[in-house]
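Shown next, in structure tokens, is the structure this report addresses.
The values are calculated or read from the model by the stated rules, or taken from the named source; none is laboratory data. This is a predicted model, so every value here is computed, not measured. Here Cβ is always computed from backbone atoms with ideal geometry, including for glycine, and neighbour counts include all displayed protein chains. All accessible areas refer to the heavy atoms of the entire protein, side chains included, with ligands and DNA or RNA removed. Shrake-Rupley method; radii C 1.70, N 1.55, O 1.52, S 1.80 Å.
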There are 4 protein chains.
Amino acid sequence: MVSVGVLGATGAVGQRFVQLLADHPYFDLTVLTASERSAGKKYRDAVNWRLDLPLPETVGDITVTDTRADCLKNVDIVFSALPADLATKVEADCAKAGIGVCSNASSHRMMPDVPLVVPEVNADHLRMIELQRDAGTDGFIVTNPNCSTIMLTVSLAPIRNFHFTDLRVATMQAISGAGFEGIPGMSIFDNVIPYIGGEEEKMERETLKIMGTFDGSEVVNAPFSVSASCNRVPVIDGHSMAVWLDIKEPVETVAKAFQNWKCPLKDLPTLPEKSVDFMTQQDRPQPRLDRMKGRGMTVSVGRLRPGIRYIAMGHNTIRGAAGASVLNAELICDRGYL
Amino acid sequence: MVSVGVLGATGAVGQRFVQLLADHPYFDLTVLTASERSAGKKYRDAVNWRLDLPLPETVGDITVTDTRADCLKNVDIVFSALPADLATKVEADCAKAGIGVCSNASSHRMMPDVPLVVPEVNADHLRMIELQRDAGTDGFIVTNPNCSTIMLTVSLAPIRNFHFTDLRVATMQAISGAGFEGIPGMSIFDNVIPYIGGEEEKMERETLKIMGTFDGSEVVNAPFSVSASCNRVPVIDGHSMAVWLDIKEPVETVAKAFQNWKCPLKDLPTLPEKSVDFMTQQDRPQPRLDRMKGRGMTVSVGRLRPGIRYIAMGHNTIRGAAGASVLNAELICDRGYL
Amino acid sequence: MVSVGVLGATGAVGQRFVQLLADHPYFDLTVLTASERSAGKKYRDAVNWRLDLPLPETVGDITVTDTRADCLKNVDIVFSALPADLATKVEADCAKAGIGVCSNASSHRMMPDVPLVVPEVNADHLRMIELQRDAGTDGFIVTNPNCSTIMLTVSLAPIRNFHFTDLRVATMQAISGAGFEGIPGMSIFDNVIPYIGGEEEKMERETLKIMGTFDGSEVVNAPFSVSASCNRVPVIDGHSMAVWLDIKEPVETVAKAFQNWKCPLKDLPTLPEKSVDFMTQQDRPQPRLDRMKGRGMTVSVGRLRPGIRYIAMGHNTIRGAAGASVLNAELICDRGYL
Amino acid sequence: MVSVGVLGATGAVGQRFVQLLADHPYFDLTVLTASERSAGKKYRDAVNWRLDLPLPETVGDITVTDTRADCLKNVDIVFSALPADLATKVEADCAKAGIGVCSNASSHRMMPDVPLVVPEVNADHLRMIELQRDAGTDGFIVTNPNCSTIMLTVSLAPIRNFHFTDLRVATMQAISGAGFEGIPGMSIFDNVIPYIGGEEEKMERETLKIMGTFDGSEVVNAPFSVSASCNRVPVIDGHSMAVWLDIKEPVETVAKAFQNWKCPLKDLPTLPEKSVDFMTQQDRPQPRLDRMKGRGMTVSVGRLRPGIRYIAMGHNTIRGAAGASVLNAELICDRGYL
């Protein structure tokens, strides 16, 4: 078993990490960090547990430590649910201290030697870990993208071999993406907020790196443009998005690519049976009905129409955050980077 | 005063008509029609009034008549809130009987001699009434477009002189658009439904007619393509939409066009002070905060970004339905077509 | 294995039955009935599956039959999710045909020889099956109460030995209780509907029968009065209720009764570890966080205050409907009534 | 015109005050206070205006001052929307400085010489202002109760002459009551929170003072008990409540009292045509349909049933907060206390 910890274990994404790691076949959850105020308390007492599955008993007994690299003893991998400002230093310190960091934070995603990985799309980017090691880091940092970028890039995996140069995406994102306290009820009830700070830039930037080519020394960005328009809607979990691609092939050909796609990975504990579920019902995917498919790890694609237009949807705090980091860590173990 | 009636006065759009016409400076509301079952009852007893403003007292006393042209006595204009299947025959019968029909139904919108009018955009299309008269109709039919098409075309009015060929629009539409009983709570709570039957086709077709040129005998469609992706979101009133246009001018130039636009109309009772409110706050427009601007007749535009991308939003049952028909009728009176 | 069927398998409660029975240790689900229109189709094609767990594959292959007793072959128990008007005859026909009926319908609940059972409260009422057999019925009908009555009576189990004569209960009920199509979104968004047809009468009547004493020939109603005020709130699943009881003992004594209560049953597959979860956090129970406890079978009780006042909450379509019938059926098997 | 100000003008209740006072026949709004950070800015720039009616232009130009009594020049009355901790000192300072304070804060409500007034219920309690003046205060403090207490006491006005000793009330309260930022969307979507800090105590305490008798020197509490169970539900505006009273008269007699009730006040600008609207439809009142009656000042009562049970509902930030204070101030002017 690989000994693991969670940085920032009491927040929305932190709780998802705890849930996903509580009974994991590869990982033994031994360390939970939070703010200084919570350090020293049992996790059960430090956390305001808000998932609808009960807090796993054994995890509740773990004593929370401060979020500092020197508080992490005997840990092989840490999962980071830290806010970006904190993550910059703490994650770097951890990597220097020989720990593997699988991070959901945005701080290091665009660093030239840090892989930004969606396993079904660019597992080979993990080779960038070697760049970090060449630079003298004992551990490593591997990041996963922003939640809406994950849904988008997973949905592109089956059709990436079609030629296109222009991608437009309008998102309808769930409120859980902003954390438990992020969006006041008075702001979002009976409403749409057509702005999410930094989100459009992240989608536009991160998609090109993920879909880009790692040539052994750097990532060459994918050769298309991304234009995003991001909206918050009154949905608890599940990011939906309307996508346009200037693929010239007929819609039937694109449909076949979705139907016949084989995931290049297999046999990772968190990998769902279908990473992409291609739906043909006229009114799907829908967040409430489809977000928990594949235990929250499946991205559903539907309403493929000429244009090429389609809808993609996935669970933003599982597939789009904690589950993404855990899947990355499983792949890292599987490929022997630990 | 012009004597007016409402066809289908008990439904969601019918109630909005009643509210807008109850105390109107041009129009005297004298006739309300509904299904045979309601005919003979006082409107007060026939309707399940569900607007949050009280049912106007005098209107409550009107005796409901059956929805047939021969039941309409001494009426100059009827406003039609009928479902499309019923509207086809009833509206044609009314026009033949010498009545002016201002219709929110989709039945006649694409007929070659029926104007599809958004006053701020194509008031001159009203001249098509003459085609109808030339063909021997005593009355006329004038239609307004589908709710989401209205928001889109009003938002285009200030920037229609820029060159563009490719318009994409992803909508986030309110549930009131489907009528009081249209969307079960279980379907839409905590959810997005990425499909609205016929809506994308209507947006794509109607926009080109409205933005087209009437050359005296027919409408030549506007020379650009429209690609729509329509979604239902958990919002009561107010359709939001993310729009992309391939305008090459810099975003500042487009912003100036929005800021400096002068509405070509004035002094109609239902015309708002601003038909387009161009907002520069980073997180607006929002349905709950902005839908009632201009008594529900203003279309708010915001988040103008390079791309060109922007967000448009307006009240779907006022600006996008009943208010649109009433504004058309005011314009018809003003231009002497009655 | 006991061979079982579901009457009315395509509706909201019917789908829950299918989900709970798909992989059950006692029951082998072999028959699914629906309206004539669906008969002959595979269940997969007949149902509009709307639970967030996938439709179990093997169940999807079952061919749906018409809802008539003579269509049920080789079935030991049927679970009834029929509307009351249909249930009256069909359930009686089934019982005559030798089938055990576990019904969620209201039709037979108040019949003098039909047990109305909440296993933790009045398992002994199952002896009323003998009355039915004495009257010549080969099968039997056993009913579970209305959803809100179930939450109330389970919450009373630990404190039923305190003396009280006056029970008041104000409910805040979820929309799923009215079926998938029951409540239009326009009616319940941003709203409370202070009326649920027949619900208050059911709570007042059924509670007294369940808490009553079966003396071998009839049930003597419990000696207290129930006054209910039932409201629909914008919640998907989970009925909450504020309860008052004129218990004179101090609140600490009542708290101890909740804490020390031992469920009189054990080892039934659907019985949760805790039938009553007594919570001491000041703001619990809450539907979204607590409804899935015990796989939806736990009733959570909290906010015990002098008065005696408390809040009870449970999942209305699991504990309050399908799960209740399944638990009854398990008890029936366990006690040898089959 | 009476010159007035608003203390705490940028918050949820403060904005309602501004809206109600912007065009008032008695009051000239000249002063707006906020935190030190906002002082010196135009109100337009200091406030994040979130009502769906536009910010009145002239009010937007007012320069915000710090929330201190010595910053208030030439003001006759201030309306207080301050949090309780701030209100204690600032309101007392204002009264000492000769200003009349009409407060929505809870700080002084239970002070023996401070009237807690609902005009339709206990206008005569305003005589307590004389106690304050006898004690040497130049100005005065008059308070209105907590939002849910207001709905309850207004609903009791028509039936207060019936004998009862035991009042139970279960509330279903809107999220706006907690301020714009008070309730995270993640907490209340698809949920009920059965706890509102301090609310039950306020209802129990304040109701007895308001319904009590002022004998010239002190208020003798009303001779009944109140037991409240307060819940937050996913509604934007409008507090609903289920009320039980042990009135022994038949329900028809109580209905007549509601129907025949005449409000003891008249001709105040904010007083609605009906302070109590007694509804006989079986499913009313409902927050979304009924909260704006009487421009938000009417309390709707319905579902009167034996028990005696009924439902009361009113707009919590208008009738239940800002509108209550403004109505108090109008009464104060009318009775010559200024």
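Computed over protein heavy atoms with a 1.4 angstrom probe, the accessible surface ordering of B:193, A:175, largest first, is B:193, A:175.
In a shell of Cβ-Cβ distance under 9 Å around residue B:271, excluding residue B:271 itself, what net charge do Lys and Arg (+1) and Asp and Glu (-1) give? Counting the neighbours of residue B:271, the net charge comes to -3.
Say R0 is 60 Å: what FRET efficiency, to the nearest 0.05, do residue A:135 and residue A:273 get from their beta-carbon distance? Approximately 0.95, to the nearest 0.05.
Residue B:24 contributes about 20 Å² of solvent-accessible surface, heavy atoms of the protein only, 1.4 Å probe. Radius of gyration over Kirkwood radius for chain D, both on Cα atoms: the Rg/Rh ratio is 0.96.
Per-residue ellipticity at 222 nm computed for chain A from its helices equals -7500 deg cm²/dmol, with DSSP H segments shorter than 4 residues left out and the rest contributing -39,500 (n - 2.57). With the simple model of a label 7 Å out from the Cα in the direction of the Cβ, residue D:280 to residue D:162 spans 1.7 nm. Neighbours of residue D:94, meaning other residues whose beta-carbon lies under 14 angstrom from its beta-carbon, give a summed charge of -2 when Lys and Arg score +1 and Asp and Glu score -1.
Of the cross-linked pairs D:41/D:73; C:293/D:202; C:266/C:293; D:42/D:73, those separated by over 21 Å at the C-alpha level are C:293/D:202. With θ taken as phi - 60° and the Karplus curve 6.51 cos²θ - 1.76 cosθ + 1.60 applied, the whole-hertz 3J(HN,Hα) list for the range B:308-324 is 5, 10, 7, 10, 10, 8, x, 7, 6, 9, 9, 4, x, 8, 4, x, 5 Hz, x standing for glycine and proline. Its Kirkwood hydrodynamic radius, worked out from the mean inverse distance over all distinct Cα pairs, puts the range B:251-300 at 11.9 Å.
Within 10 Å of the Cβ of each residue in A:224-230, the mean number of Cβ atoms contributed by other protein chains is 4. For chain C, a Gaussian network of Cα nodes joined below 10 Å ranks C:82, C:53, C:268 by mean-square fluctuation, and the top entry is C:53. Largest GNM mean-square fluctuation across B:148, B:325, B:275, computed for chain B with C-alpha springs under 10 Å, falls on B:275.
What the Cβ-Cβ distance of residue B:225 and residue C:84 gives, at R0 = 60 Å and to the nearest 0.05, is a FRET efficiency of 0.65. Taking θ as phi - 60° and the Karplus parameters 6.51, -1.76 and 1.60, the scalar couplings of the range A:90-103 work out to 4, 5, 5, 4, 4, 4, 4, 7, x, 9, x, 10, 10, 10 Hz in sequence order, x denoting glycine and proline.
Given the options D:185, D:323, D:212, state which has the largest fluctuation in a GNM of chain D using a 10 Å cut-off (strictly under) for Cα springs. Maximum among the listed residues: D:185. When the range A:140-231 is described by a simple charge dipole with +1 on each Lys and Arg Cβ and -1 on each Asp and Glu Cβ, the residue from A:171, A:186, A:150 located farthest towards its positive end is A:150. Overall size of the range B:147-315 from C-alpha positions, given as principal axis extents largest first: 45, 36, 36 Å.
Peptides C:74-81, B:252-259 ranked from most to least packed give C:74-81, B:252-259, packing being the mean of other C-beta atoms within 10 angstrom over each peptide's residues.
Distance between the C-alpha centres of the range A:311-336 and the range C:4-73: 35 Å, rounded to the whole angstrom.
Placing +1 on each Lys and Arg Cβ and -1 on each Asp and Glu Cβ, with no other charges, gives the protein assembly as shown a dipole about its Cα centre of roughly 0 debye. The interface between chain C and chain B buries about 1400 Å² of solvent-accessible area in total (1.4 Å probe, ligands and nucleic acids excluded). With a ≥ b ≥ c taken as the square roots of the eigenvalues of the C-alpha gyration tensor of the protein assembly as shown, please select rounded if a/c is under 1.5 and otherwise prolate if a/b is larger than b/c or oblate if it is not? Since a/c stays below 1.5, the shape of the protein assembly as shown is classed as rounded. Counting Cβ atoms of other protein chains within 10 Å of each residue's Cβ and taking the mean over peptide A:306-313 gives 3. Across the range D:294-301, computed HN-Hα scalar couplings (Karplus, 6.51 cos²θ - 1.76 cosθ + 1.60, θ = phi - 60°) run x, 6, x, 9, 7, 9, 8, 10 Hz from first to last residue, x flagging Gly and Pro. Between 0 and 90 degrees, the angle of helix D:251-260 with respect to the longest Cα principal axis of chain D falls at about 40 degrees.
Per-residue shielding of C:191-204, expressed as the average number of other chain Cβ atoms within 10 Å of the residue Cβ, stands at 5. With a cut-off of 11 Å between beta carbons, the residues surrounding residue A:282 carry a summed charge of +2, where Lys and Arg count +1 and Asp and Glu -1.
Keeping the other protein chains in place, figure out the carbon and sulfur percent of the accessible area of the protein assembly as shown, with a 1.4 Å probe. Its accessible area is 48 percent carbon and sulfur atoms. Straight-line cross-link partners of residue D:209 among the aspartates and glutamates, defined as a Cα under 19 Å from its Cα and at least 8 positions apart when in the same chain: D:113, D:120, D:124, D:130, D:166, D:199, D:200, D:201, D:218. Does the range A:1-134 classify as rounded, prolate or oblate by the C-alpha gyration tensor (a ≥ b ≥ c root eigenvalues; a/c under 1.5 gives rounded; else a/b over b/c gives prolate, otherwise oblate)? Taking the square roots of the gyration eigenvalues as a ≥ b ≥ c, the range A:1-134 is prolate.
Hydrodynamic analysis of the range C:88-183 uses the Kirkwood radius over alpha carbon pairs. Inserted into Stokes-Einstein at 37 °C and 0.692 mPa s, it gives a translational diffusion coefficient of 217 µm²/s.
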